[in-house]
Amino acid sequence: MIATDDQLISLVAAQAGVATDLAGLAVRTVMTGIGAYLTLPGRQLVARELPRMAAAALLADDDWTTVPIDNRLLGPEVTAGQARVLLASVVRVLVERLSAEAVGALRRRAPLEVAPFIPPPPREALDARLESLAGARS
């Protein structure tokens, strides 16, 4: 869980090596972009673990599926490479700070440009799921 928006923005700024104003813009942009792909229950699950601004961006009812998130970060002072770093930084901070259940919701519905930054589930979780599936077939 991330306590405040300032904490989240500071973590992203440190991860990306950018100023907090740019990190704040990245957090809002990435959260809105990810939210466009999640189901409503998935958005609500993740939003419960986020501070107010990040949760509001995630829950925004915007259809951002037509333009990749990293393209939305581009600007006069943000190159394609920097946009990719900002996107990766936001996602990495989320993965480090959110519960396994919230990360799972992100993993299941992540847009193509986000998915590479979300690690696969731990091996134990996969083993338990396989055992559960095998037991259901017996």
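The values are calculated or read from the model by the stated rules, or taken from the named source; none is laboratory data. Quantities reported herein were computed from a predicted structural model and do not represent experimental measurements. For neighbour counting, all protein chains shown are included, and Cβ atoms are generated from backbone atoms with ideal geometry for every residue, glycine included.
General remarks:
- In summary, G17 fulfils each of the numbered conditions (1) under 12 Å from the mean Cα position of the chain (by Cα); (2) more than 18 Å from L106 (Cα to Cα); (3) of a type in the set (G, A, S) with the single exception of condition (1).
- Boolean, G135 is at pLDDT below 95 and in a helix (DSSP H, G or I): yes
- Residues of region 41-66 that are surrounded by fewer than 12 Cβ atoms within 10 Å (Cβ to Cβ), at pLDDT below 95 and under 16 Å from A110 (Cβ atoms): T65 alone.
Here's the yes/no breakdown for (1) over 22 Å from P119 (Cα atoms); (2) not basic (K, R):
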residue	(1), (2)
V12	no, yes
P41	no, yes
T66	yes, yes
L74	yes, yes
V93	no, yes
G104	no, yes
R108	no, no
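- Among the residues of region 75-117, the ones that are surrounded by 17 or more Cβ atoms within 10 Å (Cβ to Cβ), closer than 17 Å to A16 by Cβ and among the β-branched types (V, I, T) come to 6 in all.
- Residue in region 86-105 that is aliphatic (A, V, I, L, M), touching a helix residue (DSSP H, G or I) at 6+ places or on another chain (Cβ under 8 Å), at pLDDT 95 or above and more than 23 Å from T39 (Cα to Cα) present: yes
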